[in-house]
Amino acid sequence: MTQEAVPGALRSAREGGARQFRAVLSGNHGCRERETGNLGRFKASLRENVLGSPKELMKLSVPSLVYAVQNNMAFLALSNLDAAVYQVTYQLKIPCTALCTVLMLNRTLSRLQWISVFMLCGGVVLVQWRPAQATGVVVEQNPLLGFGAIAVAVLCSGFAGVYFEKVLKSSDTSLWVRNIQMYLSGIVVTLVGVYLSDGAEIKEKGFFYGYTYYVWLVIFLASVGGLYTSVVVKYTDNIMKGFSAAAAIVLSTIASVMLFGLQITLTFALGTLLVCVSIYLYGLPRQDTTSIQQGEPTSKERVGGV
């Protein structure tokens with residue numbers, strides 16, 4: 001890329017970011033006007049879109065169930081694989097998400113974007129890499145079961161994220177209503193799992209036993225993070241969500257260095273460099289990936305289009 005092209009690329013990236021920011025603001029303002037202008041309007045919207053739309057509720061139960069399967073498969077994989085192996089293989093969810101985006105949403109990614117996706121995958125692996133440490137605890141593991149579980153978790157992660165994005169962008173239903181529809185079914189699924197695993201202890205000590213102020217703070221932060229993740233998916237895409245998550249990993253590690261004295265390693269520095277370069281490269285192509293294309297390109301064009 002020539003020196004003259006770099007300022008133009010940066011300027012177009014800034015303009016695109018400004019447009020997306022204005023879209024987020026206008027979308028949120030529209031949501032407030034339609035559903036949160038007053039309590040009565042909000043209740044009416046819930047009755048219409050949640051209680052009065054069982055078909056839509058069932059549609060959003062799909063990603064909830066898939067996410068539940070993904071989380072359980074991740075735990076199963078971690079219990080049957082070494083932490084380093086799990087960490088490396090689980091990052092395959094990034095290219096898997098990109099592939100699901102291409103196949104399910106009929107989009108195309110340039111070669112440079114594909115390179116940046118795999119570069120991001122490698123960068124996240126290096127940032128999170130920790131040398132294996134020998135312990136006195138011997139745990140019986142089944143690597144075949146672990147790899148099978150990690151494969152299912154990776155596929156679930158890509159499918160559920162892209163499915164939710166497709167539902168969000170296929171109708172004018174509010175982002176907040178879609179979140180409520182999905183989380184209602186998620187609450188049911190997780191409650192069943194909790195009572196199956198810890199039902200006796202819950203009956204004895206109560207459901208909220210052990211909930212300290214720190215636990216409530218973590219729950220609040222996770223909830224806010226989930227809502228803003230939905231905003232990212234609504235106005236950009238799942239691939240960009242992966243890039244933002246990678247940037248968050250880097251920032252949290254830097255915060256750990258400042259707050260807890262974590263030592264920076266060569267692998268972390270190299271991984272940070274790869275993450276930053278991949279984010280820059282992915283944003284260079286002037287291609288709109290914020291809306292679902294209506295055309296149906298061939299599979300060859302979708303996977304390797306320029």
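The values are calculated or read from the model by the stated rules, or taken from the named source; none is laboratory data. Because the structure is a prediction, the values reported are computed rather than measured. FYI the Cβ positions are ideal-geometry reconstructions off the backbone, even for glycines, and counts take in every protein chain you see. For the accessible areas, the whole protein counts, side chains as well, though only heavy atoms, and no ligand, DNA or RNA atoms are used. Shrake-Rupley method; radii C 1.70, N 1.55, O 1.52, S 1.80 Å.
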Can you check how the C-alpha radius of gyration of the stretch 58-176 compares to 2.2 N^0.38 Å, as a plain ratio? 1.23
Could you work out the percent of alpha carbon pairs in the stretch 174-276 separated by over 21 Å, rounded to a whole number? 59 percent
What spacing in nm lies between the two simple spin-label points modelled at residue 270 and residue 79, each 7 Å away from Cα in the Cβ direction? 3.4 nm
Among 214-227, 165-178, what's the highest-first ranking by average C-beta atoms within 10 angstrom per residue? 165-178, 214-227
Can you compute the modelled spin-label distance between residue 169 and residue 200, with each label point 7 Å from Cα toward Cβ, in nm? 5.0 nm
Checked the stretch 167-234 with the C-alpha gyration tensor, a ≥ b ≥ c its square-rooted eigenvalues, rounded below a/c of 1.5, otherwise prolate if a/b is larger than b/c and oblate if not; verdict oblate
Carbon/sulfur accessible area of the stretch 89-183, % of total, 1.4 Å probe, equals 69 percent
Gained length - residue 184 relative to residue 207, 0.36 nm times residue gap less alpha-carbon distance: 6.5 nm
